[in-house]
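Here is the structure we will look at.
The values are calculated or read from the model by the stated rules, or taken from the named source; none is laboratory data. Note that the structure is a prediction, hence the values are computed from the model and not measured. Neighbour counts are summed over all protein chains in view; Cβ atoms, including those assigned to glycine, are modelled from backbone coordinates with ideal geometry.
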Amino acid sequence: MTTAPTPSRIALVTGAGAGIGRATTLALLRAGYGVVLAGRRSDALAGTIAQAGELGAQALAVPTDISDPDAVAALFAALDARFGRLDLLFNNAGCGAPAVPLDELSFAQWKQVVDVNLTGAFLCTQHAFRIMKRQSPRGGRIINNGSISAHAPRPNTAPYTATKHAITGLTRSTSLDGRAHDIACGQIDIGNAATEMTERMAAGILQANGQVAIEPRMDVRHVADAVVQMAALPLEANVQFMTIMATKMPYIGRG
């Protein structure tokens, strides 16, 4: 019985059990990465690995609540034990609150979005820094999922939009603070990738003018390919911000 060779590049993808995270995990595996999959549901992570076929041997699923500091510490300990290094962190996991008027949101709904979208990305970035600074060869790349909402909100999305604007600040700070350690950080802002989360757009979604309209979507594989393209650059080069969106979605001119 032969064992699969250890891959030369290692990635960690949060929110890897579905949607953009699943598509990106599969694309990274096809590109030759070993991939650690993080997400809340072990069955969803297992489903992603099953779709990878034989390449699943280069994947490690670690069920994780990224809003929990202890869980994130355990995630990175598992990564270190299996692969011993980290070349790419894709901070992808995120959630939203119910689309209700701002004044009707509960504190718990607000806090959940902040804890997952912002605090979770920070915790993972912090642990990635620790590994990337000490490993040899040192350095690595961090890519944050910013979303079109990092630029322009939809109606009734204050928690999600606030955290995605904050991700832009985290991206810039990470990029600056990582310079001395050969750690590059960029952000991919995604609009209307066809995933479970955007199915409501195909049925019609509230617009800024109060109307409900069907919005075009794009194949999620285009997003995954874009992340792989960003990751493939040498560390001397960086895509600081990339926007990838369904061509005809109402973003340019939104509102």
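Within segment 120-156, the set of residues being among the hydroxyl-bearing types (Ser, Thr, Tyr) and surrounded by 18 or more Cβ atoms within 10 Å (Cβ to Cβ) comprises THR125, SER147, SER149.
Of the residues that make up segment 177-192, is at least one crowded, with 18+ Cβ neighbours inside 10 Å, at positive phi and touching a Pro at 6+ places or on another chain (Cβ under 9 Å)?
Filtering segment 177-192 for residues crowded, with 18+ Cβ neighbours inside 10 Å gives 178, 183-192.
Next, from what is left, pick out any that are at positive phi: 192.
From what is left, the residues that are touching a Pro at 6+ places or on another chain (Cβ under 9 Å) are 192.
Checked segment 177-192: at least one residue is crowded, with 18+ Cβ neighbours inside 10 Å, at positive phi and touching a Pro at 6+ places or on another chain (Cβ under 9 Å).
Of all the residues that make up segment 193-221, how many are surrounded by 15 or more Cβ atoms within 10 Å (Cβ to Cβ) and either of a type in the set (S, T, N, Q) or within 16 Å of GLY146 (Cα to Cα) (or both)? Residues meeting the conditions: 5. The residue list GLY210, GLY178, GLY169 contains one member that is among the small types (Gly, Ala, Ser) and in contact with a Cys (Cβ under 6 Å, 6 or more places away or on another chain), which is GLY178. Among residues of segment 92-109 that are farther than 10 Å from PRO159 by Cα and surrounded by 17 or more Cβ atoms within 10 Å (Cβ to Cβ), those with a Cβ under 6 angstrom from a residue that is of a type in the set (Val, Ile, Thr) and at pLDDT below 95, sequence gap 6+ or separate chain, pair up as ASN92/ILE20.
As a summary of the residue check, GLY169 satisfies the conditions (1) buried (at least 22 other Cβ atoms within 10 Å of the Cβ); (2) out of contact with any strand residue (DSSP E or B) (no Cβ under 6 Å at 6 or more places or on another chain) except for the one numbered (1).
Results for (1) among the basic types (Lys, Arg); (2) within 22 Å of THR14 (Cα to Cα); (3) in contact with a helix residue (DSSP H, G or I) (Cβ under 8 Å, 6 or more places away or on another chain), shown as yes or no for each residue.
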| residue | (1), (2), (3) |
| --- | --- |
| LYS111 | yes, yes, no |
| LEU118 | no, yes, yes |
| SER136 | no, no, no |
| GLY139 | no, yes, yes |
| ASN156 | no, no, yes |
| THR161 | no, yes, yes |
| GLY169 | no, yes, no |
| SER173 | no, yes, no |
| ILE183 | no, yes, yes |
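Taken over segment 34-44, the criterion of being crowded, with 24+ Cβ neighbours inside 10 Å and over 13 Å from ASN92 (Cβ atoms) is satisfied by GLY34 alone.
Per this entry, LEU60 is counted among residues that are over 29 Å from ILE148 (Cβ atoms) and crowded, with 17+ Cβ neighbours inside 10 Å.
Within segment 123-138, the set of residues being outside any helix (DSSP H, G or I) and either under 19 Å from the mean Cα position of the chain (by Cα) or not polar (S, T, N, Q) (or both) comprises PRO137, ARG138. Quick one: is ASP115 modelled with pLDDT of 95 or more, outside any loop (DSSP other than H, G, I, E, B), among the charged types (D, E, K, R) and surrounded by fewer than 17 Cβ atoms within 10 Å (Cβ to Cβ)? The answer is no for ASP115.
If I filter segment 78-89 for residues that are among the small types (Gly, Ala, Ser), modelled with pLDDT of 95 or more and closer than 25 Å to GLN229 by Cβ, do I get at least one hit? Show your work before the answer.
Kept after step one, since they are among the small types (Gly, Ala, Ser), are these residues of segment 78-89: 78, 81, 84.
Remaining after also requiring modelled with pLDDT of 95 or more: 78, 81, 84.
Next, from what is left, pick out any that are closer than 25 Å to GLN229 by Cβ: none.
The answer is no; no qualifying residue exists.
For the subset of segment 53-73 comprising residues that are more than 16 Å from GLY15 (Cα to Cα) and of a type in the set (A, V, I, L, M), which member is nearest to the chain's Cα centre (by Cα)? Going through the qualifying residues, I end up with ALA73.
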